[in-house]
Amino acid sequence: MPSVIPNEGLPYLLDWMLRHTGSDPPNLVFTLWTNDIVPEQDTVFADLDRATFVGFTERVMLRSGWTDPVMVGDNAVSTWGVAPFEWVVAANPEVIYGWAAYHPGSLKLVIVERFDVAREPGVGDTIGVLPRFALGTYVPCP
């Protein structure tokens with residue numbers, strides 16, 4: 001029989017994963033990606049084409065920036081802060097398909113999310129993303 005993480009343990013585990021202040025794991029790096037892929041469990045960081053429009057810079061996601069996890073249904077949910085990261089497209093606009101967070105040393109992909117609708121900003125437009133992570137239980141089919 002597989003192990004089960006009860007709902008009351010989900011916020012604790014998500015909090016530890018995202019905000020633990022020890023040396024491992026390190027802060028993640030936030031990026032946007034521009035290729036039209038649908039991330040799956042075998043997606044790796046090298047599969048993503050990172051945004052390069054003028055005005056974009058990747059952001060370090062300090063572990064202390066994650067909010068206290070709250071239960072939403074059967075998921076523990078945390079956001080990175082309460083205001084979105086924002087960038088103004090100064091030149092060379094690109095279609096943005098989603099965001100990702102990766103480990104800066106190993107370049108391992110930790111979180112990847114495709115937007116429901118790709119964002120197609122023009123010069124002078126602002127792109128905003130509020131990183132959100134949910135941890136839930138998985139119940140396998142018999």
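Throughout, read-outs are computed from the coordinates displayed, never taken from laboratory work. Given the structure is predicted, the values throughout are model-derived calculations rather than measurements. Glycine gets a Cβ as well: all are built from the backbone with ideal geometry, and neighbour counts include every protein chain shown.
Once the chain from Ala90 to Glu58 is taken as fully extended at 0.36 nm per residue, the excess over their C-alpha distance is 10.0 nm. Amide H to amide H, with H built 1.01 Å from N, Gly55 comes under 5 Å of Ala90, counting only residues 5 or more places away or on other chains. Between Thr137 and Gln41, residue separation times 0.36 nm minus the direct Cα-Cα distance comes to 33.0 nm.
Electrostatic tally near Trp87: other residues with Cβ closer than 12 Å to its Cβ, Lys and Arg +1, Asp and Glu -1, net -2. How about the stretch 38-142: which chymotrypsin sites (Phe, Trp or Tyr not before Pro) there are in a DSSP loop, with at most 12 other Cβ atoms within 10 Å of their Cβ? For chymotrypsin sites (Phe, Trp or Tyr not before Pro) across the stretch 38-142 that sit outside H, G, I, E and B with at most 12 neighbouring Cβ atoms in 10 Å, the list reads Tyr138.
Modelled spin labels at His103 and Glu120, positioned 7 Å past Cα toward Cβ, are 3.8 nm from each other. If R0 is 35 Å, what FRET efficiency do you get for Thr34 and Val72 from their C-beta distance, rounded to 0.05? With R0 = 35 Å, the Cβ-Cβ based efficiency is 0.75. Share of pairwise Cα-Cα distances greater than 25 Å in the chain is 33 percent (whole percent).
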